1. Write down the accessible area per residue of the chain in Å², having rolled a 1.4 Å probe over the full set of protein chains.
2. Name the residue farthest towards the positive end of the dipole of segment 107-243 from the options Ala130, Ala116, Cys242, assuming +1 on Cβ of Lys and Arg, -1 on Cβ of Asp and Glu, about the Cα centre.
3. How big is the shadow of the Cα convex hull of segment 55-164, averaged over all directions, in nm²?
4. Work from the charge dipole of the chain (Cβ charges, +1 for Lys and Arg, -1 for Asp and Glu, about the Cα centre) and give the residue of Val535, Gly262, Ala106 farthest towards its positive end.
5. Using only Cα atoms, what Kirkwood radius does segment 406-503 have, in angstroms?
6. Calculate how steeply helix 370-402 sits against the longest principal axis of the alpha-carbon atoms of the chain, using the helix alpha-carbon long axis, and give the answer as 0 to 90 degrees to the nearest 10.
7. Between Arg63 and Arg367, what is 0.36 nm times their sequence separation minus the Cα-Cα distance? Round to one decimal in nm.
8. Let me spell out the model: positive unit charges on the Cβ of Lys and Arg, negative unit charges on the Cβ of Asp and Glu, origin at the Cα centre of segment 1-90. What dipole size does that give, in debye rounded to 20?
Amino acid sequence: MTYTAPIEEQRFVLRHVVDIDRLAAAGFDVSADMVDAIVEGVGGFAAGEFAPLNRVGDEVGARWSSDGVTMPDGFRAAYQAYVDGGWGTISAPTAFGGQDQPQVLAAVVLENLGAANMAFSLCPMLSAGAIEALKHHGTPEQQERWLPRLVTGEWTGTMNLTEPQAGSDVGALKSRAEPVGDGTYRIKGQKIFITFGEHDLTDNIVHLVLARLPDAPAGTRGISLFIVPKLRPDGTRNDVRCVSIEHKLGIHASPTCVMAYGDDDDCIGELIGGENGGMRAMFTMMNNARLNVGLQGVSIAERATQQAVAHAKERVQSARAGAPGRESVAIIEHPDVRRMLLRMKALTQGARALAYYANAQADLASRGDAAAKARVDLLTPLVKAWGTDVGCEVASLGVQVHGGMGFIEETGAAQHFRDIRIAPIYEGTNGIQAADLVGRKLGLEGGETLERLLAQVRADAGNTPLAPLADSVEEVAAWMMRDATSIDDRLAGSYPLLTMAAVLVAGSLMKKQGDVAARMLGTGEGDPAFLRMKVSAAEYFTRVIAAEALGLKASALNGAAMLYELTDEAFAA
């Protein structure tokens, strides 16, 4: 199954959800022509260069030996085409070879690359996080040294956080950093689950590594961040190596590495972000990555939906129950299959609208808009968690639409399901996103960030389930901030609340698009088939998906008592 970029859909969301004119007014040198050029260009690039490698990447995968990691045939040439096309430079600063376009346009790039080949797209996605950390926390000298070739893609970047004993509990990490005396540090430790920690796409890899300085405070307060390149500035090999890669359920073409730093006591790194400032710099990377991982849900949902629609139009099976004749029809004619396809379309479009909107808020925040900064902080856990949940649900529905053949690897539907299953886990599990929402984000600006968002949604809700859903989100949030008796109660209801809030915001954005599409149909503008689907997807989202989210209120308010009435041993009974 080939990939076709959803160019018309992406343009529509950029025009009617993102508001390019507002970004231009905020100081970005962006125009409708620039948007069209990027959307069309990257769509063609992703379909032509990344998508043909998706199957071989899954079947062959990245291969490890003591000499390093070898990517499957064709990957190096495709990556060089990515570099030559300048696709990694979209939102990077012009001072370092970038185009300084809005981040939301870089999100369009990553969405297409991820839909074409999710595993491969992780390489530029991780580099984007390293670029953000250097842009915000690096010294001018560090930025000049590392950013130009990271921006072009001549070098790639990684994040090195996780250790065997320190996963979500980052404060438990043990990697050490000893001052050498010349402004550099000797790094020693092991990191696991490092995406593209080693590969043969580029000569150099710039690792950003969390470690502890001598006498650093315990926990997260004593963590620092270090730039640890594979090749030192003088071109010599640093004492860092990949000692193995993991064998995984999916994303086989993404090498997930176990990295050893300083086995020979000669791993040299540079401090970035100040002593014990690692968590602040890490969250710069993580927040960028969390928005991009939410986009991976959109990517796989789009790819799975395209494939399911194509199969449903071709697969002939049984007569339609309500038809007068008894001839067999394509399964797209059957009500349940049609229901699944419309749900896939609505969820994919809703997740895309939410992700693009959040990225546009990040763009406004980068130009000094404090309200936009608070809003993107609130939206980030929603994008990451609900976006990846959507990816998993839509990929699962894609398998279902294929019937028995969906369970057979030959069709490719199963690969989408396997690949996206990691997304709710990495870059902070979705449970951690929910904890972040209730623990930090609900109280932003004393709760005013959420209040402004709810007021905007209510103004646009009309006579749809979005209005009572907004009331329910407000009620649950108020209970959590003021009335919940314990942190356990808040955490027990955090995931249902996150889903409710994400569906609410996405539903509001879908309704806005549906209203625009209906007006365009009335005036004879645009492609009627596309616009009718926009109207139907928006209506399904607001009438069905939003109504389903209303049912989560009881779970959000249930508290933790029921969870702890059982002993640990009872769960094994």
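1. I get 40 Å² per residue for this part.
2. Towards the positive end, the residue furthest out is Cys242.
3. 8.3 nm²
4. It is Val535, whose Cα lies furthest towards the positive end.
5. It is 15.4 Å.
6. 60 degrees
7. Contour length minus the Cα-Cα distance gives 105.1 nm.
8. 200 debye
The values are calculated or read from the model by the stated rules, or taken from the named source; none is laboratory data. Keep in mind it's a predicted model, so treat the numbers as computed, not measured. As a convention, Cβ positions derive from the backbone with ideal geometry for all residues, glycine included, and neighbour counts pool all protein chains shown. Accessible surface areas use protein heavy atoms only, side chains included; no ligands, DNA or RNA. Shrake-Rupley method; radii C 1.70, N 1.55, O 1.52, S 1.80 Å.
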